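The block underneath contains the structure these notes are about, expressed in structure tokens.
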Amino acid sequence: MRRLAARAAAGDAGEVAAPGADIWDCAQGWSWSSWSLGGAIEIPMDLTQPPTITKQSVKDHIVDPRDNILIECEAKGNPAPSFHWTRNSRFFNIAKDPRVSMRRRSGTLVIDFRSGGRPEEYEGEYQCFARNKFGTALSNRIRLQVSKSPLWPKENLDPVVVQEGAPLTLQCNPPPGLPSPVIFWMSSSMEPITQDKRVSQGHNGDLYFSNVMLQDMQTDYSCNARFHFTHTIQQKNPFTLKVLTTRGVAERTPSFMYPQGTSSSQMVLRGMDLLLECIASGVPTPDIAWYKKGGDLPSDKAKFENFNKALRITNVSEEDSGEYFCLASNKMGSIRHTISVRVKAAPYWLDEPKNLILAPGEDGRLVCRANGNPKPTVQWLVNGDPLQSAPPNPNREVAGDTIIFRDTQISSRAVYQCNTSNEHGYLLANAFVSVLDVPPRMLSPRNQLIRVILYNRTRLDCPFFGSPIPTLRWFKNGQGSNLDGGNYHVYENGSLEIKMIRKEDQGIYTCVATNILGKAENQVRLEVKDPTRIYRMPEDQVAKRGTTVQLECRVKHDPSLKLTVSWLKDDEPLYIGNRMKKEDDSLTIFGVAERDQGSYTCMASTELDQDLAKAYLTVLADQATPTNRLAALPKGRPDRPRDLELTDLAERSVRLTWIPGDDNNSPITDYVVQFEEDQFQPGVWHDHSKFPGSVNSAVLHLSPYVNYQFRVIAVNEVGSSHPSLPSERYRTSGAPPESNPSDVKGEGTRKNNMEITWTPMNATSAFGPNLRYIVKWRRRETRETWNNVTVWGSRYVVGQTPVYVPYEIRVQAENDFGKGPEPETVIGYSGEDLPSAPRRFRVRQPNLETINLEWDHPEHPNGILIGYTLRYVPFNGTKLGKQMVENFSPNQTKFSVQRADPVSRYRFSLSARTQVGSGEAATEESPTPPNEATPTAAPPTLPPTTVGTTGLVSSTDATALAATSEATTVPIIPTVVPTTVATTIATTTTTTAAATTTTTTESPPTTTTGTKIHETAPDEQSIWNVTVLPNSKWANITWKHNFRPGTDFVVEYIDSNHTKKTVPVKAQAQPIQLTDLFPGMTYTLRVYSRDNEGISSTVITFMTSTAYTNNQTDIATQGWFIGLMCAIALLVLILLIVCFIKRSRGGKYPVREKKDVPLGPEDPKEEDGSFDYSDEDNKPLQGSQTSLDGTIKQQESDDSLVDYGEGGEGQFNEDGSFIGQYTVRKDKEETEGNESSEATSPVNAIYSLA
């Protein structure tokens, strides 16, 4: 069983019973008449009036050359107008051409070619003029063109040779026709070419192969052109393909076949269709996707064609301009093409001029407003001539797109034309000015009877005329006020629409038209009828062949209407044969046969409406076992409920009843009742309540002063039905509000104000008209009297407030029926300002390595304190280092700075922060170090420390102090210490024979391959002390945090090619190893919380070692290694003592050759008392030679002292003693490592192992 949603045509309408009345369109309830709802009032034809064009040919008129030419032009007027034509703006003398004639009482031209002649001779631009004594009306300029279908040029096409997998385009190039022909591809045997996303026809008619396959040789390809007017098809000579095969087709990234390049532009006119096309080649065949930059495609107007290769946007508007791009992609890659779309517009009407009917002495105006792109120009004509050349009229004034008439007289009658145009087209409109004195008159038959079905809508027409234009009012049953508003709506032409017919709407309606010359009236009698309903519908049945089946159809209808019940089988009228019997409430089939299987529809109809119900009959063979057909029927969403009715109307409740729709083989489980109100959110539907599927009537509880309208949605396991048609409206009476607005807040937007905001109440909580809010506020500390103001919106700004003080706030709802309950008090704050400086800022230095900072909170926070900002910079005399910045939580009042050297001092600046910004800063300097107070001779300044590939800082021995005696100077073995590298400070460790000094120097962020960020653990949730220990292809990452156990993190690192990668890290999974790194590559890295990316570590930079670096396990802490180093150190010490003893006895070494050579002032090795060894690093040592592989070989003994210096030069004092520096040989470490081919001295062995 299935009730159909179709209602008969008359079901939504009224029926006019009076003879001579207009014929009603029962499907809509409107009459078929020329009476426009909103247009200008027509002058009855028995009154004098200027001409009006009623029919004309289209602007671009294309004709078939085999037929006679017809150019239409019809007009009306009183007296009847005469016609003449122009051709190409010159008078067209019809009488001189025997082939041309004009139809009687019409301006339509007929050009007859039965006696010969060429249609092409009559091509041109035609315009029709309709004239009587009151004016002249013009048709559009009609461009006449004769259809053309030229023949295809003859050509011999060679076979097309193409490699398998390559792209191919077969060009069509059809002959130009008028209009353009329709292109399609077929084989020479007239078989259509199968198209898919690989092979398809473009908009230009060409056939595109994204990649050619062997199967494409199985047919030939012919382009065909079909011409519209001649109904002929022309075929181009076919293409044949020869495909060259290969062992394997190489896969290729996509490339565009059409359009070419990466970008193009396209112009389209407003109102037309925009067609964008992208055809790409590639192996495998690419997929095409479309996007619009900066927005979405218009889903209601956009559709994809030609296997997504074309995007069509219908009825283009200015909003559719912009940049579109198509993306062609396959597994090998993707490519995009950007199309810039510009929307232009031919002129279109904003305000088209309308006929003006005036009484003598009245004022009026004609308005002609149009838009376009570019902006169109407006030209006024009167009776077909430019207004400038017309005789002057003192009662007429032209103001751009408007003509103003004052004190109009009979002589002002004329027809005005407005012509607006730009480069894309034109618009021409006629509007006459008629001056009449006519009392009101009714134009429709009197005393009409209209019958209409309950709950439908209808319209009562009352056509009238008069000059001056009468005013029209409607009354019911001859009494009461004018009907307009609520369930009634009066249109501009006087028609009365009743939106939903109820029983109480039955009665006599009177329309009255009045002007200064009199009045006229007419009456319409409205009868309301009950709807026709099938209350017992036929059921789906399964029957054996030869049995008897009865299908029930019981109907309820209005007794005053004649009921007709008919049956359809498979949606066609059922022939009632001798095996069938039709009764008023059933259909019986005797001896069921297989041909009786199908759907049966019961159609119950009256003159005004109808109802349908359908059932399906399944016929089984004798041996078959009847089954439940419902189990096999497809399930669907239920049909919408209908016939909503409101009863039991009470002050706070109403009963809603509805008729269920068909469940479509899935039982209805629930009904959702929704409501809409027309005051706060008209047109927006809200859920009201939910009821079981077995219920079709429910009592709804309502709020005061809401104009309710209800609808019902049915739900089953498949989904929800469409909403029912809405019920009639019901307004409840008003009451004071029972609640106040929620989410009341007070926050400052400036330092001297406080903005009070709240969430406004909706329609169901307003309870009455003119909902407003009483806003009260006062200072919390002073407990002053309440300030109050009444507000209709949802915010109020209190001005001239002190900075950041608390206020008590109350917001109370009020309507015309009274006030709501006493509101709760909410605490708000006025605006914040910058805080004062932190108090008692102290700088203490307990030792040379640490500076402690302490401070107290600001005396005047002036807001919510969100933290502190510390800026500090090292300085030494007038030299400044790089400034560093630290941010602290609002509760932190201590901080320690680890000094990098004991010489420099620090200048500190500390400021507090509120949400407005940072306030006044407190400044202090670190104490003066003791060695700065008593300056002494300092050793020469050393070069900066270098950070090597092992992540350790190499120390550099200082030059020994000049000795004043021949006492033996014992060299110190350089110490290698690990360096803590911050992002702004590089630490240099200097070792000398006299003292050990740590200095801090300014440098940019240091890039190392072993990096550690040393930070102080903050009070709030943070990540700090991120350490990176890299190798050539991997790195170990560790960090510290104060998150709760079980927190997950993400390691994010970016290489120098800007490729970003992330590694999710489970809780407690440190250290983390990154295994996909590249040798010698620089990376930036950070660690952040997986739950809150805003909580992140400092970004650090590190570099992996080169591929040839021999990465060894750090054995510096192994016991056997320490013992070995001690033994080697002892051996080296003994060797050095022996060397010094020999030297003191007169032994000579190569370095004595330069002992008496003093350093000149221009010597580059000495600057400010320091030596620069950088220029010596890459020079061969004296007495050495270069091997074939570029390494430096020494000819002297491996234990020569040259090997222990930074070059081949040594320095001696006056007594010939040697001041040497025993450091790592950089060249050997950096170029050879453990693979050096020269013999390794003991000292070099130490450093190579380290």
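General observations
- The condition (being of a type outside the set (Ser, Thr, Tyr), within 30 Å of ASP220 (Cβ to Cβ) and either outside any strand (DSSP E or B) or without any contact (Cβ under 8 Å) to a residue 24 or more places away in the chain (or both)) is satisfied by just one residue among PRO98, PRO153: PRO153.
- Residue match in the range 263-276 (condition: in contact with a strand residue (DSSP E or B) (Cβ under 9 Å, 6 or more places away or on another chain), of a type in the set (Asp, Glu), under 20 Å from LYS331 (Cβ atoms) and open to solvent by 60 Å² or more (accessible area, probe 1.4 Å)): no
- Within the range 119-147, being without any contact (Cβ under 8 Å) to a residue 40 or more places away in the chain and open to solvent by 40 Å² or more (accessible area, probe 1.4 Å) holds for GLU121, GLU123, GLU125.
- Filter result for ALA1017 (more than 30 Å from LYS879 (Cα to Cα), modelled with pLDDT under 75, open to solvent by 20 Å² or more (accessible area, probe 1.4 Å) and in a loop (DSSP other than H, G, I, E, B)): yes
- Members of the range 555-567 that are open to solvent by less than 80 Å² (accessible area, probe 1.4 Å) and either part of a loop (DSSP other than H, G, I, E, B) or not small (Gly, Ala, Ser) (or both): VAL555, HIS557, ASP558, SER560, LEU561, LEU563, THR564, VAL565, TRP567
- Residue count for the range 867-888 satisfying the condition of being at pLDDT 90 or above and in contact with a Pro (Cβ under 6 Å, 6 or more places away or on another chain): 1.
- If you go through the range 469-487 and keep only what is touching a Gly at 6+ places or on another chain (Cβ under 8 Å), surrounded by 17 or more Cβ atoms within 10 Å (Cβ to Cβ) and either among the basic types (Lys, Arg) or in a loop (DSSP other than H, G, I, E, B) (or both), you end up with just LYS476.
- Counting only strands (runs of 3 or more DSSP E) that fall entirely inside the range 672-726 and contain at least 3 residues that are open to solvent by 30 Å² or more (accessible area, probe 1.4 Å) and within 26 Å of MET761 (Cβ to Cβ), the qualifying elements are 686-692.
- Residues that are more than 45 Å from the chain's Cα centre (by Cα) and either acidic (Asp, Glu) or open to solvent by 50 Å² or more (accessible area, probe 1.4 Å) (or both), drawn from the range 825-841: ARG839, ARG840
- Filter result for ILE453 (over 30 Å from ARG533 (Cβ atoms) and in contact with a Lys or Arg (Cβ under 8 Å, 6 or more places away or on another chain)): no
- One residue alone among GLY1094, GLY1046 is at pLDDT below 85, of a type in the set (Gly, Ala, Ser), farther than 17 Å from ASN1031 by Cα and under 34 Å from the mean Cα position of the chain (by Cα), and that residue is GLY1094.
- Considering the range 499-552, the residues that are among the polar types (S, T, N, Q) and open to solvent by less than 30 Å² (accessible area, probe 1.4 Å) include one that is nearest to the chain's Cα centre (by Cα), namely THR532.
Table: residues versus (1) more than 24 Å from MET754 (Cα to Cα); (2) in contact (Cβ under 8 Å) with a residue 60 or more places away in the chain; (3) touching a helix residue (DSSP H, G or I) at 6+ places or on another chain (Cβ under 6 Å); (4) among the hydrophobic types (A, V, I, L, M, F, W, C).
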residue	(1), (2), (3), (4)
GLY793	no, no, no, no
GLY818	yes, yes, no, no
ILE827	no, yes, no, yes
GLY831	no, yes, no, no
ALA837	yes, yes, no, yes
THR850	yes, no, no, no
GLU859	no, no, no, no
PHE895	yes, yes, no, yes
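- Filter result (touching a Gly at 6+ places or on another chain (Cβ under 6 Å) and either open to solvent by 20 Å² or more (accessible area, probe 1.4 Å) or without any contact (Cβ under 8 Å) to a residue 40 or more places away in the chain (or both)) within the range 401-450: ASP407, ASN422, PRO439, PRO445
- Qualifying residue in the range 649-667 (condition: open to solvent by 40 Å² or more (accessible area, probe 1.4 Å) and under 36 Å from the mean Cα position of the chain (by Cα)): no
- Residue, nearest to ASN1031 (Cα to Cα), within the range 1049-1089, restricted to residues that are β-branched (Val, Ile, Thr) and in a loop (DSSP other than H, G, I, E, B): THR1075
- Verdict on GLU932 being assigned to a strand (DSSP E or B) and either modelled with pLDDT of 70 or more or among the charged types (D, E, K, R) (or both): no
- Condition broken by SER733, with the remaining ones in (1) among the hydroxyl-bearing types (Ser, Thr, Tyr); (2) over 30 Å from SER918 (Cβ atoms); (3) open to solvent by less than 50 Å² (accessible area, probe 1.4 Å) satisfied: (3)
- Where THR1062 falls short, out of the listed (1) open to solvent by 20 Å² or more (accessible area, probe 1.4 Å); (2) within 33 Å of the chain's Cα centre (by Cα); (3) closer than 23 Å to VAL885 by Cα; (4) among the β-branched types (Val, Ile, Thr): (3)
- Filtered residue count, the range 214-231, keeping only those that are assigned to a loop (DSSP other than H, G, I, E, B) and surrounded by fewer than 16 Cβ atoms within 10 Å (Cβ to Cβ): 1
- Qualifying residue in the range 847-855 (condition: crowded, with 20+ Cβ neighbours inside 10 Å and either assigned to a loop (DSSP other than H, G, I, E, B) or in contact with a Pro (Cβ under 7 Å, 6 or more places away or on another chain) (or both)): yes
- Inter-residue pairs, beta-carbon under 6 Å, first open to solvent by 80 Å² or more (accessible area, probe 1.4 Å) and in the range 745-760, second outside any loop (DSSP other than H, G, I, E, B), 6+ apart: LYS745/THR757; GLU747/GLU755; THR749/GLU755
- Of all residues making up the range 902-930, the number that are touching a residue at least 24 places away in the same chain (Cβ under 8 Å), surrounded by fewer than 20 Cβ atoms within 10 Å (Cβ to Cβ) and closer than 21 Å to ASN847 by Cβ: 8
- Residue in the range 302-319 that is over 19 Å from the mean Cα position of the chain (by Cα), among the acidic types (Asp, Glu), open to solvent by 50 Å² or more (accessible area, probe 1.4 Å) and closer than 30 Å to MET213 by Cα present: yes
The values are calculated or read from the model by the stated rules, or taken from the named source; none is laboratory data. Source: prediction; values computed, not measured. All Cβ positions, even for glycine, are placed from backbone atoms using ideal geometry, and neighbour counts span all protein chains on display. In case anyone asks, the SASA skips ligands and DNA or RNA and just uses the protein heavy atoms, side chains included. Shrake-Rupley method; radii C 1.70, N 1.55, O 1.52, S 1.80 Å.
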